[in-house]
Amino acid sequence: MTTTTAHRIHPGSFLTLHYRLGGPDGDIINTFNDKPATLTLGTGELSPSVEERLIGLEEGARATFEIPAGEAFGERNPEMVQWVARKLLNEMGDPDERYEVGDVVQFPTPDGMAMYAGAVQQVGQDRDGDGMADAVLFDFNHPLAGKPVTFEVQVIGIL
């Protein structure tokens with residue numbers, strides 16, 4: 001009689017899973033009510049501290065982890081809160097875009113190969129009277145930087 005053991009997650013595993021990342025203010029990502037996520041461990045899709053909690057889990061496992069403040073996404077960095085001039089925003093996107101506090105805006109990396117996000121914190125003055133802010137204050141910190149994180153996962157498949 002042979003017994004089979006369930007697949008376990010290891011570095012480099014290709015996974016199908018449902019997961020939820022949340023902080024004190026609620027969920028940032030939750031795939032439990034939608035289609036599951038697919039990702040490869042070690043490619044930067046999840047933070048290293050989140051990934052390390054997945055290592056060793058078996059296919060079919062469901063777990064919840066409480067990650068201390070600052071561990072999952074680092075501490076908040078005040079230098080990552082920056083004013084961006086309207087001229088630059090026009091060059092990178094839609095010149096007619098109107099920004100509101102709380103909007104999350106995608107920016108290309110300098111090499112154009114990836115994207116990063118900034119959350120609108122403040123909309124500057126409209127000195128030329130065109131109805132557009134002259135500059136927008138963005139917070140480029142991860143929304144969970146410096147906060148405790150709850151990470152819930154259900155492992156669906158491991159390749």
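Observations, loosely collected:
- Inter-probe distance in nm under a simple model that places probes 7 Å from Cα toward Cβ, at M113 and F65: 2.7
- Length available on full extension from A85 to D126: 0.36 nm per residue minus the Cα-Cα distance, which gives 13.6 nm.
- Local electrostatic count, I158, Cβ distance below 10 Å [Lys/Arg +1, Asp/Glu -1]: -1
- Length-normalised contact order for the chain - Cα pairs under 8 Å, 6+ apart - percent: 35
- Ordering of 106-114, 133-141 by burial proxy (mean other Cβ atoms within 10 Å per residue, highest first): 133-141, 106-114
- Entry for percent of Cα pairs over 30 Å apart (calculated from the structure that is shown) out of (1) 32; (2) 11; (3) 44: (1)
- Accessible carbon and sulfur surface of the chain relative to its total accessible area, %, 1.4 Å: 52
- Each of G118, H18, M92 was placed along the dipole of the chain (beta-carbon charges, centred on the mean Cα), and the one lying farthest toward the positive end is H18.
- Calculated FRET efficiency, E97 to E75, Cβ-Cβ distance, R0 = 22 Å: about 0.10 to the nearest 0.05.
- Taking the Cα centre of the chain as origin and assigning +1 to Lys and Arg Cβ atoms and -1 to Asp and Glu Cβ atoms, the resulting dipole is close to 560 debye.
- Of the trypsin sites (Lys or Arg not before Pro) found in region 23-106, those in coil by DSSP whose Cβ has at most 12 other Cβ atoms within 10 Å are R98.
The values are calculated or read from the model by the stated rules, or taken from the named source; none is laboratory data. Computed from a predicted structure; not experimentally measured. Cβ atoms come from the backbone with ideal geometry, glycine included; neighbour counts cover every protein chain shown. Ligands, DNA and RNA are stripped out before the accessible areas are found, and what is left, the full protein with its side chains, is counted by its heavy atoms. Shrake-Rupley method; radii C 1.70, N 1.55, O 1.52, S 1.80 Å.
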